[in-house]
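Some notes on the structure that comes next.
The values are calculated or read from the model by the stated rules, or taken from the named source; none is laboratory data. Note that the structure is predicted; figures quoted are calculated from it, not measured. Quick reminder, even Gly has a Cβ in these numbers, built from the backbone with ideal geometry, and neighbours come from all protein chains shown. Heavy atoms of the whole protein, side chains included, go into the accessibility calculation; ligands, DNA and RNA do not. Shrake-Rupley method; radii C 1.70, N 1.55, O 1.52, S 1.80 Å.
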Amino acid sequence: MTIPLNDPTAAAAPHPDAVQADPMQADGLRLDGLHKELGGRTIVDDLSLHVAAGELVCLLGPSGCGKTTTLRMIAGFLEPDRGAVVVSGRDVTHLPPERRPSAMVFQNYALWPHMTVAKNVAFPLKLAKRPRSEVNERVDRVLQLVNLLHHKDSRPGRISGGEQQRTALARALVQEPAVLLLDEPLSNLDAKLRVRVREDIREIQQRLGITTVMVTHDQDEAMAMSDRVAVMNDGRIEQVSAPRELYSNPRTEFVASFVGSVNKVPGRLTPSTLSADDGLTSAVRPESVRLDADGGRPARVTRVTPHGHFTEVRVSLDEGVDLVSYVTGAAPEVDDRVGVELGEVWYFREGERVE
Ligand SMILES: Nc1ncnc2c1ncn2[C@@H]1O[C@H](COP(=O)(O)OP(=O)(O)OP(=O)(O)O)[C@@H](O)[C@H]1O
Ligand SMILES: [Mg+2]
């Protein structure tokens, strides 16, 4: 990958160190059964994933589920117990990080405080002993790409959090990696800046067509930025889907609960009945719980929480089930009687979707 400046369709010149890939498999990044135990526990459990060339996939999951460990194995900072990392058809599992066609942006940026922005960005090229004229040219090009050329001579301590983040991104991109790895790149930024920088990152990633794996535990971030999201739980990937599909068609109870919110009811809840069913869990999204004063199952409003563009309304069905509904427009008040109508209900048994 080279960084095109003005012509995004310009053909990429092969990197001097590039190894010719098998054209049948010259297709991004493949993880084949990656497995890692640490401290006597399984941290990453036979994890397989294919990220197509130019695709951005987020690893999304709760704290401690093994996201960073997975990324470190892809980057080469940690050796898997078994399994393989394959980039563009080439097995890189046993190569050290600097010999892999990947570059990683760390959560804390890890910028050198005593070096200017330009020197920080140039650092990996200096390590690789590239000639000075090439270094200067590549650094300028990538700083222009991330819109930081004017801060070339500033030190990291004198620029904003978002600019530091973009410096760290530039330092990864300047290596012209085949695979870009981002570990919670936005977690140090405040809410407004996060949204702006995530748009910047996505725009640059798409413009360069760079195969990217990004780690986050923020579902909004994952949904907004990804081509596909891989939801991780306890060292395993539970589902890999496009954001919309993940939300509208979760295949496990964990995914249904982790992505968006969901009402869970033990037993079999149907649009008109609730019956006991041992081991079955019914789940319905709050926006599929509709409140209508004239029809549906009788219920009482027990809590009303305004959220700006919608209102969260908790109702208690007369048969003793509490459900949360999201209401846009006029909301009822506490103690109002309403009729509840259910849209799509999912059913899970032992965590797996059964119907
Ligand atoms: N060197 C190690 N020795 C023992 N346990 C480790 C080691 N490194 C990580 N772990 C454990 O592995 C688990 C997964 O860690 P990891 O950093 O991959 O989580 P994560 O999904 O990135 O979480 P977070 O969202 O909090 O960053 C954690 O329970 C962590 O304590
Ligand atoms: Mg982590």
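A compact table of results
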item: Test for Lys67: is it within 16 Å of ligand 2 (Cβ to nearest atom), at pLDDT 95 or above and under 27 Å from Arg166 (Cβ atoms); result: yes
item: Residue match in the stretch 119-136 (condition: in contact with a Leu (Cβ under 9 Å, 6 or more places away or on another chain) and closer than 20 Å to Glu203 by Cβ); result: yes
item: Matching option when the condition is in contact (Cβ under 8 Å) with a residue 40 or more places away in the chain, within 13 Å of ligand 1 (Cβ to nearest atom) and aliphatic (A, V, I, L, M), among Ala84, Ala75; result: Ala75
item: Some residue of the stretch 20-42 being surrounded by fewer than 22 Cβ atoms within 10 Å (Cβ to Cβ), charged (D, E, K, R) and modelled with pLDDT under 95; result: yes
item: Unmet criterion (only one of (1) assigned by TED's automatic domain parsing to the domain that holds Arg196; (2) crowded, with 16+ Cβ neighbours inside 10 Å) for Thr311; result: (1)
item: Residue that is nearest to ligand 1 (Cβ to nearest atom) [pool: residues in the stretch 98-131 that are of a type in the set (Gly, Ala, Ser) and outside any helix (DSSP H, G or I)]; result: Ala110
item: Pair list, Cβ < 8 Å and 6+ apart or interchain, from the stretch 88-107 residues that are in the same structural domain as Leu186 (by TED's automatic domain parsing) and within 17 Å of Gln175 (Cα to Cα) to residues that are assigned to a loop (DSSP other than H, G, I, E, B) and hydroxyl-bearing (Ser, Thr, Tyr); result: Pro101/Ser88
item: Where Leu95 falls short, out of the listed (1) under 22 Å from the mean Cα position of the chain (by Cα); (2) away from ligand 1 (no atom under 12 Å from the Cβ); result: (1)
item: Per-region count, the stretch 205-217, residues within 16 Å of ligand 1 (Cβ to nearest atom) and either open to solvent by 40 Å² or more (accessible area, probe 1.4 Å) or within 23 Å of Gly89 (Cβ to Cβ) (or both); result: 3
item: Test: residue in the stretch 98-118 that is more than 24 Å from Thr167 (Cα to Cα) and either open to solvent by less than 20 Å² (accessible area, probe 1.4 Å) or under 21 Å from the mean Cα position of the chain (by Cα) (or both); result: no
item: Residue within the stretch 282-291 that is part of a loop (DSSP other than H, G, I, E, B) and more than 24 Å from Thr311 (Cα to Cα) present; result: no
item: Top-ranked residue in the stretch 241-262 [being touching a residue at least 24 places away in the same chain (Cβ under 8 Å) and part of a loop (DSSP other than H, G, I, E, B); ranked as nearest to the chain's Cα centre (by Cα)]; result: Val259
item: Filtered residue count, the stretch 48-65, keeping only those that are open to solvent by less than 10 Å² (accessible area, probe 1.4 Å) and either near ligand 1 (Cβ under 7 Å from one of its atoms) or under 12 Å from Lys36 (Cα atoms) (or both); result: 2
item: The stretch 263-286 - residue that is without any contact (Cβ under 8 Å) to a residue 40 or more places away in the chain and surrounded by 14 or more Cβ atoms within 10 Å (Cβ to Cβ) and, of those, farthest from Ser325 (Cα to Cα); result: Asp277
item: Residues of the stretch 302-317 classified as in a strand (DSSP E or B) and either touching a Lys or Arg at 6+ places or on another chain (Cβ under 7 Å) or not aliphatic (A, V, I, L, M) (or both), total; result: 10
item: Hey, Val195 modelled with pLDDT under 90, more than 16 Å from ligand 1 (Cβ to nearest atom) and of a type outside the set (Phe, Trp, Tyr) or not; result: yes
item: Complete set of residues in the stretch 314-343 that are open to solvent by less than 60 Å² (accessible area, probe 1.4 Å), touching a helix residue (DSSP H, G or I) at 6+ places or on another chain (Cβ under 7 Å) and either at pLDDT 95 or above or not assigned by TED's automatic domain parsing to the domain that holds Val265 (or both); result: Val324, Ser325
item: Residues of the stretch 159-180 classified as surrounded by 13 or more Cβ atoms within 10 Å (Cβ to Cβ), over 26 Å from Gly28 (Cα atoms) and out of contact with any His (no Cβ under 7 Å at 6 or more places or on another chain), total; result: 3
